[in-house]
Amino acid sequence: MTFEVPKYRLKDLVDKPTYFTGGHRLCAGCAAGSMARQVTMAFNKPTMIFNSTGCLEVASTIYPFSAWEVPWLHVAFENSAAVASGVEAAIKAMTRKGTYTAGKTDIVVFGGDGGTYDIGIQAISGAFERGHDLLYILYDNGAYMNTGIQRSGGTPFSASTTTSPAGSVIPGKSQFRKPITDIMIAHRIPFVATAAPAYPADLVAKVRAGLDVEGPAFMHIDASCNRGQRFDPAKSIEYVKMAVETCLHPLYTVIEGEYKLSRPSERIAKDPSRKIPLVEFLKKEGRWRHLFRPTERTDLIEKFQAEVDKRWEELLAKTGF
């Protein structure tokens, strides 16, 4: 490995400035707001943000106000990575000519699951293939929440959405979630990581690492939506943590092709008794209410658990556990 993720502790974040302010219009309990605030704690040089259409975009920049205290640009669902690529290339060209004097500028792209798993994946793949120096952050809330809670490629198995409603014939989404992190790793970019706002020191450290590496970087951050996932807004961060502890969203890094578990998931790997059964998580959120009413759909729960276990075991093998 040519570089490592910096080491942060919670107390190290206390005095770090944040460039995402209060007063935005995100829903109470929305984990995307916590995620955005934590991401900006990693900024330490000129930074530009490119935000594809989605909850974070529309709720943080209702004209004429903005919650962002760094240069920020909204672009369409499908082209955030392409626009960021163009700006990154322009900065390099202007720097060579001496017309851009701000020095190294960090490029951050935010996209939701709809703008990443589905609509925007072509532009992301192109940016990574060309080797642009930027950090793409997928904040994943499991559906097209901004436009009416429609299913996306990131919607988990058997979850009920407005376009995969739980009914008597089809009990929620019938497909498993697209392995988006594996897809990005397959581009052989220098840095890929998963994170969650329930573990802020880990998240901030990974953002800084992704910005410092030369070339493309990708982060997959779980950011729950209490409105679409149907739970008490006060439980948002608690349920993000449960997603990690069930191994539905394990935390790890892939640096120059080398896999390494992050501490919360490493503890589970060393002591499997720490792993929470998936059924305990499914019971918490209304999008899976149909799996328990009127009777428990043990067949679907076991099928879901088996897939989570399979992906977890594959990850363990890659990390050497």
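Values in this text are rule-based calculations from the coordinates and carry no lab data. Bear in mind that the values here come from a model prediction, so they are computed numbers and not experimental data. Positions of Cβ are generated from backbone atoms using ideal geometry, with glycine treated the same way; all protein chains shown enter the neighbour counts.
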Practice item. Report the one residue of 33, 81, 6 whose Cα lies farthest in the direction of the positive end of the charge dipole of the range 1-119 (charges on C-beta: Lys and Arg +1, Asp and Glu -1; origin at the Cα centre). Key: 6
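What is the range 28-125 by shape, rounded, prolate or oblate, if you read a ≥ b ≥ c off the alpha carbon gyration tensor as root eigenvalues and call it rounded for a/c under 1.5, prolate for a/b larger than b/c, and oblate otherwise?
Oblate shape, in that a/c is at least 1.5 and b/c is the bigger or equal ratio.
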Exercise for review: For each pair in 45/275; 284/310; 11/235; 45/310, compute the distance between the two Cα atoms and list the pairs where it is over 29 Å.
Suggested key: 45/275; 45/310
Check your understanding: Hey, got the dipole for the range 56-107? About the Cα centre, +1 on K and R Cβ, -1 on D and E Cβ, debye to the nearest 20?
Key -> 380
Practice item. Enter the angle in degrees (range 0 to 90, nearest 10) between the Cα long axis of helix 298-319 and the first principal axis of the Cα atoms of the chain, meaning the one along which they spread out most. Key: 40
Exercise for review: Quote the charge dipole size of the chain about the Cα centre in Debye, to the nearest 20; the model charges only the Cβ of Lys and Arg (+1) and of Asp and Glu (-1).
Suggested key: 420
Exercise for review: Pull up the cross-link candidates among the aspartates and glutamates for residue 303, meaning alpha carbon to alpha carbon under 16 Å and not fewer than 8 places away within one chain.
Suggested key: 280, 313
**Study point:** 0 to 90° range, to nearest 10: angle between helix 80-97 axis and the chain longest Cα axis
**Key:** 20
Point to revise | Residue (of 144, 286, 102) at the positive-pole extreme of the range 10-319, dipole from beta-carbon charges | key: 286
Exercise for review: Consider a paramagnetic label point 7 Å from the Cα of residue 101 along Cα→Cβ; state which residues of the range 16-56 have an amide N under 12 Å from it.
Suggested key: none
Review point. Considering only DSSP beta bridges with both partners in the chain, what is the antiparallel share in %, to the nearest 5?
Key: 30
Practice item. Please work out the FRET efficiency for the pair residue 74 and residue 295, using the Cβ-Cβ distance as r and a Förster radius of 45 Å; give the result to the nearest 0.05. Key: 0.45
Review point. Reachable aspartates and glutamates from residue 241, Cα under 12 Å, same-chain residues fewer than 8 places away excluded?
Key: 222
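Quick one: compute the contact order of the range 10-319, relative version, from alpha carbon pairs under 8 angstrom and 6+ residues apart, as a percent.
Values: 589 pairs, mean separation 49.6, N = 310.
Relative contact order of the range 10-319: 16 percent.
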Review point. The range 3-49: which chymotrypsin sites (Phe, Trp or Tyr not before Pro) are DSSP loop and have at most 13 other beta-carbon atoms within 10 angstrom?
Key: 3
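Report the extension gain between residue 14 and residue 94 in nm, rounded to one decimal, defined as 0.36 nm multiplied by the number of residues separating them, less their alpha carbon distance.
25.2 nm
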Point to revise | Cα→Cβ-extended label distance, 7 Å offset, between residue 169 and residue 256, nm | key: 5.5
Review point. Taking only Cα atoms, what is the 0 to 90° angle, nearest 10, from helix 121-130's long axis to the longest principal axis of the chain?
Key: 40
Check your understanding: Between 225, 42, 209, whose Cα lies farthest towards the positive end of the dipole of the chain when Lys and Arg beta carbons carry +1 and Asp and Glu beta carbons carry -1, centred on the Cα centre?
Key -> 225
